[in-house]
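Participant: This is the structure I have questions about; it appears just below.
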Amino acid sequence: MRPFIHDAFLLETETARDLYHRFARSLPIVDYHSHLDPLAIAEDRRFATVTELWLDGDHYKWRAMRANGVPEHLVTGDGGAWERFEAWAATVPYTLRNPLYHWTHMELAFPFGITDRLEPATARRIFDAANARLSEPAFSAQGLLAQYRVALVASTDDPADDLGPHLAHRAAGNGRTRLVPTWRPGAIFLVDEPTRFTAWLARLEEAAGVAVVSYDTLLEALDLRHQAFHAAGCRCSDCGLETLDAGPYTLADVRQSFARARSGSPVIGDDAATYCSAVLHELSRMDHRRGWVQQYHLGPVRNVNLRRYAELGPNTGFDTIGEAPLAAGIAAHLNRLDAKHELTKTILYNSNPRDNDLLATLAQCFPGDTPGKIQLGAAWWFLDQLDGMERHLEAVSNHGLLRRFVGMLTDSRSFLSFSRHDYFRRLFCNLLGRDVARGRLPDDRDLLGSLVTAVCFENARDYFGFELGNIETFGAGSER
């Protein structure tokens, strides 16, 4: 019997199979938005159990387990490695038609070579077989990156974070995968939470070596850290926002709002909105000066379960799709930058599928000398499943140039999530093959192959301007 995951998985036509195996399968990965721990990469961390490697930090799996009634101590708590794995195995059969069912079996098939379906009857056998491989060199952090042919990982880093792991990894020269930071300045907007804000300012002061006593010294400290990130290889920023505030402001009002937050008083309402508008503008100007790509992940409502947030903290699986208006704020922000020729390359991500066409059309309003300068970003978070990615590709195709799209990312904390790139490549080739079968695209394999290669690798390489690792050392490609 053919295993569930096989060479033709998701590839419904001969054209799709040819495009995938000839053009997509062996391409290196440029993962330009990841939440992997840079220290784990720099120190080439080993994993004690498949539970640690597979379940720790993966809030996609956590949400499914909770939906299946699994108690929290077996989700994020102090349950044993086998007990937690067993609880996940018992959940997997209930994920049919959820992307987790596909991802789970893709991650077992590669890199572990396990083709059994995960369910209670197979759980112990799979647990033992996976654990037995973790001592192999190919299953360290860097070994896994090499197996997946990852040419670059862009981690997600606060301006106050220590960049030592990035610098150490580069200095060691002991990996084919380049590790670079991404500027993630979300804490700067926490003026409505003065305790968290002032604690972050203390970290920023230490990192920058500047006493942040005013709005002007805040910008000075940020620019110094921006320079440090650039020297460490950073070429993109990322702001996660429910919506984007870009209203008018005066410098005097912004300085006053910062002083109030610095003293420990909350800044809320219109004052908070104008402060955020000013800061966002200045951060974008920094990105433009250094030729970075700015990314905006927009729309989710975070930490909606306040009891669980108090118990477990952020990024634990209690966020949801939001419905905040986006168009006016984004347009105002981009216009303010474009008017003074300070608009850098920009990627806009939405968490609500209703906003695909909105952002795809808005992106075309701010062209520049750079091809694909403003982009609708990859289907993200709640949308990175088969139909979500296909709907995203339809929006990009209908309103822009698919040939310029920078392709897939993982947005993950798991070293096994690079299977999502393979998932995307398969469904992308299948979409093109389906159009050929319907007569909507010419059956020109070289033309279609160049599209596949561009979207799955070349565009990300060229758009961000990253310095990649020695991708020739990956050889002919991993077997999947």
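The values are calculated or read from the model by the stated rules, or taken from the named source; none is laboratory data. Note that the coordinates shown come from a computational prediction; the quantities given were computed from them, not determined experimentally. When we count neighbours, we look across all protein chains shown, and the Cβ atoms used for this are built from the backbone with ideal geometry, even at glycine.
Participant: Across the range 91-114, which residue is nearest to Leu53 (Cα to Cα) among those that are among the aromatic types (Phe, Trp, Tyr), over 20 Å from the mean Cα position of the chain (by Cα) and assigned to a helix (DSSP H, G or I)?
Facilitator: Filtering first and then ranking leaves Tyr101.
Participant: Among the listed residues Thr316, Thr274, identify the single one that is touching an Asp or Glu at 6+ places or on another chain (Cβ under 8 Å) and surrounded by fewer than 22 Cβ atoms within 10 Å (Cβ to Cβ).
Facilitator: Of Thr316, Thr274, the one residue that is touching an Asp or Glu at 6+ places or on another chain (Cβ under 8 Å) and surrounded by fewer than 22 Cβ atoms within 10 Å (Cβ to Cβ) is Thr274.
Participant: Of all the residues that make up the range 336-390, how many are assigned to a loop (DSSP other than H, G, I, E, B) and not polar (S, T, N, Q)?
Facilitator: 18
Participant: Take the residues of the range 20-59 that are surrounded by 18 or more Cβ atoms within 10 Å (Cβ to Cβ) and hydroxyl-bearing (Ser, Thr, Tyr): which is farthest from Leu448 (Cα to Cα)?
Facilitator: Applying the filter and picking the extreme gives Thr49.
Participant: Out of the residues in the range 131-150 meeting the condition of being charged (D, E, K, R) and assigned to a loop (DSSP other than H, G, I, E, B), tell me which one is surrounded by the fewest Cβ atoms within 10 Å (Cβ to Cβ).
Facilitator: Among those residues, the one meeting the criterion is Glu136.
Participant: Pick from His297, His288, His281: which is closer than 22 Å to Glu342 by Cβ, in contact with a Lys or Arg (Cβ under 8 Å, 6 or more places away or on another chain) and assigned by TED's automatic domain parsing to the domain that holds Ala332?
Facilitator: Every option except His281 fails the conditions.
Participant: Could I ask something else about it? Show the residue pairs that are 6+ apart or on different chains and have beta-carbon atoms under 6 Å apart, the first residue being within the range 220-247 and surrounded by 21 or more Cβ atoms within 10 Å (Cβ to Cβ), the second being small (Gly, Ala, Ser) and not in a helix (DSSP H, G or I).
Facilitator: Short answer, once both residue conditions are applied: Arg235/Gly465.
Participant: A follow-up question, please. Provide a single number: the residues in the range 165-198 that are in a helix (DSSP H, G or I), under 20 Å from Ala208 (Cα atoms) and without any contact (Cβ under 8 Å) to a residue 60 or more places away in the chain.
Facilitator: Looking only at that region, the number is 3.
Participant: Next question. Out of the range 115-130, which residues are among the small types (Gly, Ala, Ser) and in a helix (DSSP H, G or I)?
Facilitator: Matches in the range 115-130: Ala123, Ala129, Ala130.
Participant: If you don't mind, there's one more thing I want to ask. Can you tell me which residue in the range 433-447 is nearest to Ala146 (Cα to Cα), limited to those that are surrounded by fewer than 23 Cβ atoms within 10 Å (Cβ to Cβ) and touching a residue at least 60 places away in the same chain (Cβ under 8 Å)?
Facilitator: Arg445
Participant: Anything in the range 294-340 that is closer than 18 Å to Ala363 by Cβ and not hydrophobic (A, V, I, L, M, F, W, C)? List them, or say none.
Facilitator: Gln294, Gln295, Tyr296, His297, Gly299, Pro325, Gly329, His333, Asn335, Arg336, Asp338
Participant: Hey, which of the helices (runs of 4 or more DSSP H) in the range 407-473, taking only ones fully inside, have at least 2 residues that are within 25 Å of the chain's Cα centre (by Cα) and among the aliphatic types (A, V, I, L, M)?
Facilitator: Helices (runs of 4 or more DSSP H) meeting the threshold: 419-437, 445-453.
Participant: If only one of Arg46, Arg17 is charged (D, E, K, R), under 24 Å from the mean Cα position of the chain (by Cα) and under 30 Å from Arg176 (Cα atoms), which one is it?
Facilitator: Matching residue, one of Arg46, Arg17: Arg46.
Participant: Scanning for something within 23 Å of Ser412 (Cβ to Cβ) and either assigned to a helix (DSSP H, G or I) or in contact (Cβ under 8 Å) with a residue 60 or more places away in the chain (or both), does the range 272-287 turn up at least one residue?
Facilitator: Within the range 272-287 (the criterion being within 23 Å of Ser412 (Cβ to Cβ) and either assigned to a helix (DSSP H, G or I) or in contact (Cβ under 8 Å) with a residue 60 or more places away in the chain (or both)), the answer is no, since none of the residues qualifies.
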